[in-house]
Amino acid sequence: MQSNDQIAVFLDIENFIGFSNDLKLPIDLAEILEKLKEEGRLIIRRSFGDLNRSLEGIGQPKQLLNIRRMLRDNLFIHEDMPYKNAVKNSADMRMTVEMLYTAFTIPSITKFAVITGDSDYVPVF
């Protein structure tokens, strides 16, 4: 059954890379997106985070082009958010602002999907 729902997908790429690596899964969104398509039409696909630092953190810095290609092939617009200090970057806050902006400015979006590996975004909902 095809749904008329329109979905905005937001990806915390840093958490997704770390989570996939911890579970020894490929860093690929294809299966997740196919499952989401059962719920409606994917209208917005946004990704946020520091790809370089994330891949260096799991010892796979040479995968940068592959990850960028995977995001492109899955129609994601990626916003690189490099770390400004050694503690934390601003990707979580930027993604939160973008989710709220989308919720208030695009009323046709009926569902949100947040792909992450932590609970940083619970207050948004």
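The values are calculated or read from the model by the stated rules, or taken from the named source; none is laboratory data. These figures come from a predicted structure and were not determined experimentally. Positions of Cβ are backbone-derived with ideal geometry, glycine not excepted, and every protein chain shown enters the neighbour counts. Surface areas here come from the heavy atoms of the whole protein model, side chains and all, with no ligands, DNA or RNA. Shrake-Rupley method; radii C 1.70, N 1.55, O 1.52, S 1.80 Å.
Listed values, structure above:
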| quantity | calculated |
| --- | --- |
| Verdict on Arg53 being more than 17 Å from Phe10 (Cα to Cα), in contact with a Phe, Trp or Tyr (Cβ under 8 Å, 6 or more places away or on another chain) and in contact (Cβ under 8 Å) with a residue 12 or more places away in the chain | yes |
| Residues being more than 18 Å from Asp92 (Cα to Cα), assigned to a helix (DSSP H, G or I) and touching a residue at least 12 places away in the same chain (Cβ under 8 Å) - total across segment 1-21 | 1 |
| Complete set of residues in segment 35-50 that are closer than 19 Å to Gly117 by Cα and at pLDDT 95 or above | Lys35, Leu36, Arg45, Arg46, Ser47, Phe48 |
| Every pair of residues 6+ apart whose Cβ atoms lie under 7 Å, when the first sits in segment 113-125 and is in contact (Cβ under 8 Å) with a residue 40 or more places away in the chain and under 11 Å from Asn15 (Cα atoms) while the second is of a type in the set (S, T, N, Q) and crowded, with 16+ Cβ neighbours inside 10 Å | Thr116/Asn15; Gly117/Asn15; Asp118/Asn15 |
| Candidate set: segment 18-40, residues that are closer than 21 Å to Asp50 by Cβ and charged (D, E, K, R); chosen: the one least open to solvent (accessible area, probe 1.4 Å) | Asp28 |
| Index of the failed condition, Ser47 passing every other in (1) surrounded by fewer than 12 Cβ atoms within 10 Å (Cβ to Cβ); (2) touching a His at 6+ places or on another chain (Cβ under 6 Å); (3) among the polar types (S, T, N, Q) | (1) |
| Unmet requirement for Ile77, which otherwise passes all of (1) farther than 21 Å from Asp5 by Cβ; (2) at pLDDT 95 or above; (3) aliphatic (A, V, I, L, M); (4) open to solvent by 70 Å² or more (accessible area, probe 1.4 Å) | (1) |
| Positions within segment 87-112 being open to solvent by less than 50 Å² (accessible area, probe 1.4 Å), closer than 17 Å to Ile13 by Cβ and not in a helix (DSSP H, G or I), in sequence order | Asn89 |
| Test for Ile67: is it part of a helix (DSSP H, G or I), in contact (Cβ under 8 Å) with a residue 40 or more places away in the chain and surrounded by 14 or more Cβ atoms within 10 Å (Cβ to Cβ) | yes |
